[in-house]
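See below for the structure under consideration.
The values are calculated or read from the model by the stated rules, or taken from the named source; none is laboratory data. The structure displayed is predicted, hence computed values, not measured ones. Cβ placement follows ideal geometry from the backbone for every residue including glycine, while neighbour counts extend to all protein chains displayed. Heads up: the accessible areas ignore ligands, DNA and RNA and are worked out on the full protein's heavy atoms, side chains in. Shrake-Rupley method; radii C 1.70, N 1.55, O 1.52, S 1.80 Å.
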Amino acid sequence: MASGVIIGILITFLVIVLVLYLVQRLPIDGRMRQIVQIIVIIIGIVSLLKYLAVF
């Protein structure tokens with residue numbers, strides 16, 4: 001049970017890092033890139049909180 005939660009958290013964290021890396025590679029201006037990064041981080045935090053049974 002606990003190992004499944006840990007694996008889910010690690011996979012979610014890796015996906016967040018990968019998406020943030022891919023956002024950095026997009027040919028968009030700095031302000032829009034920053035907005036997209038904030039959105040990705042917020043979605044990532046919410047999904048991690050779901051694994052910790054907060055929601």
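Worth pointing out:
- Residues satisfying the stated conditions in region 36-55, i.e. aliphatic (A, V, I, L, M), open to solvent by 70 Å² or more (accessible area, probe 1.4 Å) and assigned to a helix (DSSP H, G or I): Ile38, Ile39, Ile41, Ile42, Ile43, Ile45
- Test for Arg33: is it of a type in the set (Lys, Arg) and open to solvent by 70 Å² or more (accessible area, probe 1.4 Å): no
- Taking first residues from region 6-23 that are part of a helix (DSSP H, G or I) and partners that are open to solvent by 50 Å² or more (accessible area, probe 1.4 Å) and hydroxyl-bearing (Ser, Thr, Tyr), the Cβ contacts under 7 Å between residues at least 6 apart in sequence or on separate chains come to Gly8/Tyr51; Ile9/Tyr51; Thr12/Tyr51.
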